[in-house]
Amino acid sequence: MNIKTQCCGLILLLVMGIIYSRKKTIRLSTSRVFICFFAITFLCILLDIASVFAIVRTDLFSETVKNIICKLYLISIVLTALWGLAYVCVEIYAVGKERRRVLRVAEAVAGIGSLAICLLPLYSTYDQEYETVYTHGPGAITTYVLALSMMLVSVVLIFINRSKMNRSRREAIQIWILLWILAAVIQFFVPQLLIVGNAAAIGIMVLYLKFENPESNIEHKTGFFNQSALYRYIREFNHNKQDFSLLYIDIGINVYDTLKGFIADYLDKIPNVTKFALTQDEIILLFRDKNYAEEVIKKLLKRFEEGWGKGLAFYLQPNWIYLENAALLREERDYFYLLHRIKSNELQYVNNHFVRVDEETVALMYKDREREHQLSDAMDANRVEVFYQPIYSVKEQRIVSAEALVRIRDEEGHIVYPSEFIDVAEKNNMILKLGRMVFEQICIFIKNHDMDELGLHCIDVNLSVIQCSYQSLAQEFIEIMEKYQVNPKYINLEITETASVNAKQRLLENMKRLMDYGVIFSLDDFGTGQSNLDYMLDMPVNIIKFDRELINAYFESSKAKYILEAVLQMIQGMNLQTISEGIETKEQLDMMEKLGVDYIQGYYFSKPFCEKDFLEYITSWK
Ligand code: C2E
Ligand code: MG
Ligand code: MG
C-alpha cells in the first residue's frame, strides 16, 4: 500500500504536536488559527491513510463506507487549503471585519465545493501489481481545482498585501503553498504518488520552525515571553481595538543571578496577567482590565517594599512605568519609543519613582515625533534658515550687532519657530547637526558681507546646553570659521545658565579654546532660571543678556525693579556689558537707557528678519 509518505507526515506532525503542547504558548489569533490549521492537516493525512485502507481492504469496508471515507478525505484537502487561507488572512487583515468578509466568501466556496464533492462520482483504483491506490474522477478534479484556487487566492492576497506582512512570515507561507501546489500537481498527473499530505506536513513544519515555535517567544532566563511576543500581543490588541494596560518594571542590574527564583516565581504566580521580559531585569506585565491592573500594582509595590531573597535581605527599588491605556499606541514599536522617552526625560523615573503615563503624555510623544520628522526633513532638504534680529547700541545710537535665530520651513514653505523644534532637537541630539548648519550659514553671511561696512561688531549665536557640553564643539566651530575665513571677533556665542550648571567642566574647556581663538561669549536668558550669581561670576562672559521676562517684571513689580537695579549695578561693577531683550515700547527703551543698559534688542526696533530684509534694514540705519 502506498501509505509510506503519509505515515512519515503523520509522525512528523505527531512529534511537532507533542512538543508544541508541552510548551508555554502565546494565545493570539495567529496561534489559534495555526493550531486549527495543524489539526486539519493532521486529520487530512489520517483520512488519506484511512481511504487507502478502505480501498484496499474491500473485505473490511463496504462500498458505501469506502466512498464516504474517500470523500471525507477530499473534503479535508479543501479544508486544509481553507485554513491556509485563514492563516494568511489573520496575518494580513488585522481588523476582524475585513478578515471575516474574505473568509466568509472562502467558507461559502468551500461549503458548496464540499457538497459538489459529495454528489459527484468518485472512482478509486487499486493497482495490485504495484500495490498502489488512488482516487480519480469528477470528485477528485473538483477537489484539486477548489484547493488550488484557494491557494492561488492566498498567493494573490500575500502579493497585494506584502507590505503589511512580516517578510520572513510571508516567505514561510509561500514555501508552504509552493510545496502544496507542487505536490498536488504531481499527484494529479501521477495519482499513485500520494504526496499532498506529506507536503502539507512539511509546510506546517516550516511555519512551526519559523514562527509558531513556542521557544522563539520565550526569554529564557525568566521563562516569560520575549519582546517579539510582546510586539505580537500589542499588535493584535491594537488591531482589535481591545483595551489593555502595560506595566514596565525595571528591577535593576542583574538581580536575577541571585534573586531569579524569588522574583520570577512571585511574578509568575500573578493570575490573569501576561508576562514578558525584555532582558532578565526588565519585566512587562500586560493586563486586560484596568481595575485589576491597579489592584495588582498596589500589591506589587507593597511586595517590593518587603525585600527579596533569603530572610528578605535584598531590598530592591525598581523603576515603574505604567501605561494605563495602551490602546492609545498606534504601532507596537511606539511602546519602546515611549519607554525610551520616559527613561531619558522623566525626573520621577530617574529618582526611582513610579511613572504613570497618561493620555496627554502619549499625545505629546506623537506630537514630538511629528516635530522630529519635520525637523529632520527640513535639515535633509536644506530648509533651515537663519533670521537676524538687530541689536541697538545705546552709546552709539545705532544698530551694531544682531542675534542669529534659527527657523525651519515646512513642506508648504511656512516658517516654523524654534519653540516648535529646539527642545525636540535637544532630546535626540539633532541639535548638534542643526547647530553646525546654523553656524555655517552665519559664517557664510559674515564671509559674504563686509561686517565693518555694515557697521556690525558681531553676530550673536545661540548655543544649546547639549552643544556646550559636546566635547568637539570648539574644534568643530573653529574648523567652520577657518573654512570660511571668518575673523572670530565677529562671533559672540550665547550660553545659558542651564548650560553652565549642567556640564560646567566641558563648557569651560570649550569656552577657553574658543576664547583663545578670539570668540567672545554672552550669558543669555538672565533672569529666567536660578540666576545664581556665583555661576555668573565664574563664567568668563563679556555680556549679560536680560531676559524679556525680567524686563516685563521690572515694569510690573517693585521687587523685580529692585532686583534688576541691584544686579545691574553689580554687573556694571564687574565691567561686564548688558543687553535688554524683549524691548517693545518707547517707555521700556527710555527706562533701560536711564538704567545704563548698553544694548537693546526687541520688537521696538524690529522683529527678526530674513537675511535679505535684515541687510535692507541695516543699510537704512547708516
Ligand atoms: P533667545 O535666544 O532668548 O532669543 C530671543 C527670542 O525672543 C527670539 O525668539 C526673539 O524672536 C524673541 N524676541 C526678541 N525680541 C522680542 C520682543 O520684543 N518681544 C517678544 N515677544 N519676543 C521677542 P525666537 O527666535 O522664537 O527664539 C526662541 C529661542 O530659541 C531663543 O531664545 C533661543 O533660546 C532659541 N534659539 C533660536 N535660535 C537658535 C539657534 O540657532 N540655536 C539654538 N540652540 N537655540 C536657538
Ligand atoms: Mg539668545
Ligand atoms: Mg534670550
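Miscellaneous remarks
- Checking ASP380, ASP450, ASP460 one by one, the residue that is assigned by TED's automatic domain parsing to the domain that holds GLY596, of a type in the set (D, E, K, R) and within 19 Å of LEU523 (Cα to Cα) is ASP460 and no other.
- Just so you know, in region 599-615 the residues that are assigned to a loop (DSSP other than H, G, I, E, B) and open to solvent by less than 50 Å² (accessible area, probe 1.4 Å) include one that is farthest from ligand 3 (Cβ to nearest atom), and it is CYS610.
- All positions within region 265-285 that are of a type in the set (Ser, Thr, Tyr) and at pLDDT below 95: TYR266, THR279
- Residue list for region 464-483, filter: among the aliphatic types (A, V, I, L, M) and open to solvent by 10 Å² or more (accessible area, probe 1.4 Å): VAL465, ILE466, ILE478, ILE480
- Check on LEU246, buried (at least 20 other Cβ atoms within 10 Å of the Cβ), closer than 21 Å to LEU323 by Cβ and of a type outside the set (D, E, K, R): yes
- Hits in region 574-622 (condition: more than 9 Å from ligand 1 (Cβ to nearest atom) and among the charged types (D, E, K, R)): LYS586, GLU587, ASP590, GLU593, LYS594, ASP598, GLU611, LYS612, ASP613, GLU616, LYS622
- Counted residues, region 400-433 - those being open to solvent by 50 Å² or more (accessible area, probe 1.4 Å), in contact with a strand residue (DSSP E or B) (Cβ under 9 Å, 6 or more places away or on another chain) and not β-branched (Val, Ile, Thr): 3
- One residue alone among THR135, THR142 is in contact with a strand residue (DSSP E or B) (Cβ under 9 Å, 6 or more places away or on another chain), among the polar types (S, T, N, Q) and open to solvent by 20 Å² or more (accessible area, probe 1.4 Å), and that residue is THR135.
- Looking across region 484-502, the residues that are farther than 30 Å from LEU454 by Cβ and open to solvent by 30 Å² or more (accessible area, probe 1.4 Å) come down to THR498, VAL501, ASN502.
- Every condition in (1) in a helix (DSSP H, G or I); (2) within 16 Å of ligand 1 (Cβ to nearest atom); (3) open to solvent by 20 Å² or more (accessible area, probe 1.4 Å); (4) farther than 21 Å from SER401 by Cα is met by THR528 except one, and the failing one is (1).
- Exclusive hit being in contact with a helix residue (DSSP H, G or I) (Cβ under 8 Å, 6 or more places away or on another chain), in a loop (DSSP other than H, G, I, E, B), closer than 30 Å to SER620 by Cβ and modelled with pLDDT of 95 or more, set LEU493, LEU456: LEU456
- Lone unmet requirement of (1) open to solvent by 30 Å² or more (accessible area, probe 1.4 Å); (2) in a helix (DSSP H, G or I) for PRO271: (2)
- Verdict on PHE262 being touching a strand residue (DSSP E or B) at 6+ places or on another chain (Cβ under 9 Å), buried (at least 17 other Cβ atoms within 10 Å of the Cβ), assigned to a helix (DSSP H, G or I) and assigned by TED's automatic domain parsing to the domain that holds ASN325: yes
- The residues on offer are TYR484, TYR470, TYR392, TYR388, and the sole one that is closer than 30 Å to GLY596 by Cα, assigned by TED's automatic domain parsing to the domain that holds ILE600, away from ligand 2 (no atom under 15 Å from the Cβ) and of a type in the set (Phe, Trp, Tyr) is TYR392.
- Considering each residue of region 541-549 in turn, at least one proves to be in a helix (DSSP H, G or I) and either modelled with pLDDT of 90 or more or open to solvent by less than 80 Å² (accessible area, probe 1.4 Å) (or both).
- Apart from one condition, VAL88 fits all of (1) modelled with pLDDT of 85 or more; (2) open to solvent by 60 Å² or more (accessible area, probe 1.4 Å); the exception is (2).
- Residue match in region 58-67 (condition: open to solvent by less than 30 Å² (accessible area, probe 1.4 Å), under 42 Å from the mean Cα position of the chain (by Cα) and over 17 Å from GLY84 (Cα atoms)): no
The values are calculated or read from the model by the stated rules, or taken from the named source; none is laboratory data. Since we're looking at a predicted model, the values are computed, not measured. Note: ideal-geometry Cβ built from the backbone for every residue, glycine included; neighbour counts use all protein chains shown. Side chains included, ligands, DNA and RNA excluded: accessible areas come from the protein's heavy atoms. Shrake-Rupley method; radii C 1.70, N 1.55, O 1.52, S 1.80 Å.
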